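Undergrad: Have a look at this one.
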Amino acid sequence: MPTLIVATGNPGKLAEMQTYLEPLGCQLALKPTEIEVEETGSTFYENACLKASQVAKAVNQWAIADDSGLAVDALDGAPGLYSARYGNTDRERIAKLLQALEGVSQRQAQFICVVAIAAPDGSIQLSTEGICSGEITHSPRGDRGFGYDPIFWLPEHKKTFAEMTKVEKQTVSHRGKAFNKLIHQWPGLKFDSF
Ligand code: ITT
């Protein structure tokens with residue numbers, strides 16, 4: 001089993017990715033901080049592939065990347081691909097989104113996550129997607145998780161992501177769903193041929 005380089009600079013994502021990959025028993029290592037990939041793609045899929053592929057080639061090892069974001073219906077899908085670039089900190093991003101939705105009663109939103117795995121030559125060997133539907137709250141709730149978690153409400157659970165335990169979030173979240181699919185397709189990966 002090769003080492004898999006986890007191509008993210010987001011500590012919240014990293015913690016979740018490590019939990020999801022643990023059952024696979026492969027050796028995980030973090031992407032060197034000096035490798036920065038510009039997210040120039042026009043879809044989550046393109047950006048996930050760019051990150052996995054460029055990091056894999058740079059270190060000549062297998063790499064896994066996640067591109068994700070929050071698409072709000074009333075904002076025509078914004079911040080979407082630009083979720084990380086919507087503000088400088090999680091606090092700023094949340095404040096800006098709540099302000100953009102001031103007075104708006106239609107608060108449906110989707111969290112989207114695409115995960116891609118690249119071989120050492122940069123070729124994409126596997127990719128999966130997960131989507132989680134919910135609503136944007138009027139103010140932050142809960143102190144777990146990261147990013148937009150305190151304002152993403154799941155009506156059927158009557159909780160935000162930030163009020164859920166790790167296991168609860170894992171079972172319903174966009175990333176949990178994408179990784180669940182990935183783990184099922186994992187046996188098809190041909191590590192030996194690289
Ligand atoms: P890397 O590209 O280095 O992995 P990033 O934070 O730039 O890190 P993205 O480009 O994929 O990652 O941006 C995703 C944005 O959406 C970012 O602001 C995250 O905090 C947020 N996000 C993604 N998944 C989330 C989750 O499960 N809960 C809360 N916020 C999330």
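Undergrad: Expressed in nm to one decimal, what extension gain is obtained for the pair Gln99 and Ala84 from 0.36 nm per residue of sequence separation less their Cα-Cα distance?
TA: 3.7 nm
Undergrad: Along the charge dipole of the chain, which of Ala52, Gly147, Gln99 sits closest to the positive end, that is, farthest toward it, with unit charges on the beta carbon of Lys, Arg, Asp and Glu (+1, +1, -1, -1)?
TA: Gly147
Undergrad: On to the next question. Just from its helices, what would the mean residue ellipticity at 222 nm be for the chain, if runs of 4 or more DSSP H residues each count -39500 (n - 2.57) and the sum is divided by every residue, rounded to the nearest 500 deg cm²/dmol?
TA: Theoretical 222 nm ellipticity from helices: -9000 deg cm²/dmol.
Undergrad: Sequence gap of 8 or more, or different chains, plus Cα separation below 18 Å: how many lysine pairs satisfy both in the chain?
TA: Here the count comes out as 16.
Undergrad: Additional query: Can you tell me what the convex hull of the Cα atoms of the chain projects to on average, as an area in nm²?
TA: Seen from a random direction, the Cα hull of the chain projects 10.4 nm² on average.
Undergrad: With the chain treated as a Gaussian network of Cα nodes joined by springs under 10 Å, which of Lys13, Lys158, Lys166 yields the largest mean-square fluctuation?
TA: Between Lys13, Lys158, Lys166, it is Lys158 that shows the largest mean-square fluctuation.
Undergrad: Compute the acute angle (0 to 90°) between the alpha-carbon long axis of helix 90-100 and the principal axis of greatest extent of the alpha-carbon atoms of the chain; round to the nearest 10°.
TA: Once rounded, the angle reads 50 degrees.
No lab work stands behind these numbers, since they all come straight from the coordinates. No experiment lies behind these values; they were computed from the predicted model shown. Cβ atoms come from the backbone with ideal geometry, glycine included; neighbour counts cover every protein chain shown.
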